[in-house]
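Inspection log for the structure reproduced underneath, given as structure tokens.
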Amino acid sequence: MKIVVCIKIATGAAADGADAFLRAGRTLPSVLAPHDAHAVEAAIRAREQVGGAEIVAMAIGPSENLGGVRDAIAMGADRGVLLCDPALEGSDLLGTSHALAALLRREAADLYLYCSWSGDIDGSLLWAMTAERLGLPVLGRLRALTLDRNYLTGERQADRGDHMLKASLPCMIEVTETINKPRYVTIKGRQAARTRPLQLLSLGDIGLDANVVGATSAATCLIAITPTTSTREISIIDGDADAPQRILDFLAERKVFA
Amino acid sequence: MKALVFIEIQGGEPKEDCLGLLDHLVARGFDVSALLCGSPVSAAAVAMVAGFAPVAVYVADIPERSAQHSQPHAALLETLCREQSFAMVAFATSLLITDIAATLAARLEAGLIWGLTDIALVNGAAQATRASHGDSMRTTTAWRSPVGIALFRPRCFMPGEPSGSVAEVPRVTVEAEIPSSSIDLTVIATEGAAVGSLGAAEIVVSAGRGIGKPENLHLVHDLSNALGGVAGVSLPLVDMGWAPRAMQVGQTGAVISPRLYIACGISGQIQHKLGIERSGLIVAINSDRNAPIMGFCDLGVVGDAVKIVPALTALVRQRA
């Protein structure tokens, strides 16, 4: 059994990914992002459920992302792969999904796992696009997962009610941040990580034509960005000992108790 | 520009935000058709859609077992797009739609832009507006592929009064090979998905992850009781099993517009924001000054909700 866990997919982002800039800036590129830790944890627990599997941590982005891949290995992944190529810069979702599909195809895993940042749906979109390119079923937004030898079951919240899902392997799944509490990286884990393989690949290595990725082939483009103005007049105060009284005064002033 | 709006059906009826999107695109000057999928689609649903004056209403029978699966829908949409040469396919975002739109984009190599709040025709080409950078920026974007896919925010547009002459809108049955999904899916009804009391409440006090542990949830119940309101929670607390689904405030729970909303330990991710942004006053108590909610509240208090909320409750009670 082989499980691929995807972390840190950062291509510099075209028009459709303007939010990704913010996200990339929010965490240091050299460490594992919190949502990625949930994906690695889910992979490790899935391995425990089937009594053994190889876990490969994969990422796309600049070489600084090697730090995140190392963290994933220190948590328990067996090896790491980073696709790093300047031609990826400015890819939109379509281009990124081409690169991700080519990268995942080389591994021919039984399970592909990913945890998206909960603030947006771009991760879900990328994962579903990639699944379509690989011809694999995709189960999105799982908050619970059980892996068996030949199939998996999962659970998610739907617009009305909950969904209980079951699919045969190979399969792609996206989990949410509430699926688990990631384990801490231990010093022993870090030491073990040094001896495990870490591979740096270019587009040429995965046999992908650079013309399907990057800013020039993006199917979406950016025309303008302007700051939005809030319709609310925002006051920010410190939550010190006076804060409760100040909140009460604010509510009274705005006639909440009238 | 020839556009197609996908009308999702929920509980036998077209979803309101899909009708709103159709209405909006017609008003914006697109040549809009609508697609309804169901098992089967009722005549009443078709008439309701036709009332918003699309060029045509396409109707496809999709077996009940495929109703919640993206693959059959994407296959159908691909066939229709190729046959009718639509330049734009527009969706109102939902769990199912996210997968359908992404699958269709990969099949058609069509550019996909999500989180849209508006769209317009500029010299015959579509330009869309989306909120980006945690909603602090407004981004204008466009498509460069022959087909563009536009994914609008949920509940972005609500329909106006239907004005079209229903009888004049042609109804076209779509014939396409519909693959079945390899995924087994069972829908489990959850209690209280309708969320009666939250929707009608004038004051709502909600807890998020910042409340620390399930034992602290009484803090928001106490404050909401003192204020004569109703208590809610954010999505992660429901996912973690700390609170029932009926208490969830946000895009996938209760979308509310109380006179006062107090968010305790809630960071304000977009799905939560969409559920509360039409509230009167918003007070946020959060330990992170940079949390998104500090950008769309009236009063932001940077501190520990576990300490501040009970102290505020005591003051409110003293006042009464």
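Quick notes
- Against the conditions (1) among the β-branched types (Val, Ile, Thr); (2) at the interface with chain A (Cβ under 10 Å from one of its Cβ atoms); (3) more than 17 Å from A:LEU222 (Cβ to Cβ), B:THR139 satisfies every one except (3).
- Residue count, segment A:139-172 (criterion: at negative phi and at the interface with another protein chain (Cβ under 7 Å from one of its Cβ atoms)): 14
- Look at (1) among the β-branched types (Val, Ile, Thr); (2) in contact with an Asp or Glu (Cβ under 8 Å, 6 or more places away or on another chain); (3) crowded, with 24+ Cβ neighbours inside 10 Å and you find that B:ILE7 fails only one, number (2).
- Candidates A:ARG160, A:ARG105 - the one that is at pLDDT 95 or above and either over 21 Å from A:ALA218 (Cβ atoms) or of a type outside the set (S, T, N, Q) (or both): A:ARG105
- Within segment A:173-199, the set of residues being assigned to a loop (DSSP other than H, G, I, E, B) and either more than 15 Å from the chain's Cα centre (by Cα) or over 13 Å from A:ALA39 (Cβ atoms) (or both) comprises A:LYS181, A:ARG183, A:TYR184, A:VAL185, A:THR186, A:ARG196, A:PRO197.
- Candidate set: segment B:186-211, residues that are within 14 Å of another protein chain (Cβ to nearest Cβ) and modelled with pLDDT of 90 or more; chosen: the one farthest from B:ASP17 (Cα to Cα): B:GLY210
- So A:LEU134, is it within 27 Å of A:TYR151 (Cα to Cα), buried (at least 22 other Cβ atoms within 10 Å of the Cβ) and in contact (Cβ under 8 Å) with a residue 12 or more places away in the chain: no
- Members of segment A:1-44 that are at pLDDT below 95 and in a loop (DSSP other than H, G, I, E, B): A:ALA10, A:THR11, A:GLY12, A:ALA13, A:ALA14, A:THR27, A:LEU28, A:PRO29, A:SER30, A:VAL31, A:LEU32, A:ALA33
- Residue in segment B:172-182 that is polar (S, T, N, Q) and more than 10 Å from chain A (Cβ to nearest Cβ) present: yes
- Test: residue in segment A:59-78 that is over 17 Å from the mean Cα position of the chain (by Cα), surrounded by fewer than 24 Cβ atoms within 10 Å (Cβ to Cβ) and not in a helix (DSSP H, G or I): yes
- Filtering B:LEU121, B:LEU108, B:LEU151, B:LEU104 for residues that are out of contact with any Pro (no Cβ under 9 Å at 6 or more places or on another chain) and either at pLDDT below 95 or more than 9 Å from every other protein chain (Cβ to nearest Cβ) (or both) leaves a single hit, B:LEU121.
- The one condition in (1) of a type in the set (A, V, I, L, M); (2) surrounded by fewer than 21 Cβ atoms within 10 Å (Cβ to Cβ); (3) at negative phi; (4) touching a residue at least 60 places away in the same chain (Cβ under 8 Å) that B:ALA44 fails to fulfil: (4)
- When the test is whether a residue is β-branched (Val, Ile, Thr), crowded, with 18+ Cβ neighbours inside 10 Å and in contact (Cβ under 8 Å) with a residue 24 or more places away in the chain, B:VAL55 does not pass it.
- Residue count, segment A:230-246 (criterion: surrounded by 15 or more Cβ atoms within 10 Å (Cβ to Cβ) and either more than 7 Å from every other protein chain (Cβ to nearest Cβ) or touching a His at 6+ places or on another chain (Cβ under 8 Å) (or both)): 1
- Residues of segment B:284-308 satisfying the condition of being over 19 Å from B:MET247 (Cβ atoms), aliphatic (A, V, I, L, M) and either in contact with a Leu (Cβ under 8 Å, 6 or more places away or on another chain) or more than 7 Å from chain A (Cβ to nearest Cβ) (or both): B:ALA291, B:LEU299
- Close contacts from segment A:141-157, counting a first residue that is within 13 Å of A:MET1 (Cα to Cα) and a second that is of a type in the set (Lys, Arg), with Cβ to Cβ under 7 Å and a gap of 6+ residues or different chains, come to A:TYR151/A:LYS166.
- Scan of segment B:255-278 for residues that are in contact (Cβ under 8 Å) with a residue 40 or more places away in the chain and either more than 26 Å from B:ASP304 (Cβ to Cβ) or assigned to a loop (DSSP other than H, G, I, E, B) (or both), ordered by number: B:VAL255, B:ILE256, B:PRO258, B:ARG259, B:GLY265, B:ILE266, B:SER267, B:LEU274
- Among the residues of segment B:56-98, just one is within 9 Å of chain A (Cβ to nearest Cβ), in contact with a strand residue (DSSP E or B) (Cβ under 6 Å, 6 or more places away or on another chain) and within 17 Å of A:MET129 (Cβ to Cβ), namely B:THR93.
- Per the conditions (1) modelled with pLDDT under 95; (2) touching a helix residue (DSSP H, G or I) at 6+ places or on another chain (Cβ under 7 Å); (3) within 18 Å of B:SER182 (Cα to Cα); (4) not in a loop (DSSP other than H, G, I, E, B), the sole criterion not satisfied by A:ARG149 is (4).
- When we screen A:PRO197, A:PRO227 for residues that are loosely packed, with under 12 Cβ neighbours inside 10 Å and more than 10 Å from chain B (Cβ to nearest Cβ), the only hit is A:PRO197.
- If the condition is being more than 11 Å from every other protein chain (Cβ to nearest Cβ) and part of a loop (DSSP other than H, G, I, E, B), then segment B:232-249 contributes B:ALA243, B:PRO244.
The values are calculated or read from the model by the stated rules, or taken from the named source; none is laboratory data. Everything numeric here is computed off the predicted structure, so don't read it as measured data. Here the Cβ is made from the backbone with ideal geometry for all residues, glycine too, and neighbour counts use every protein chain on show.
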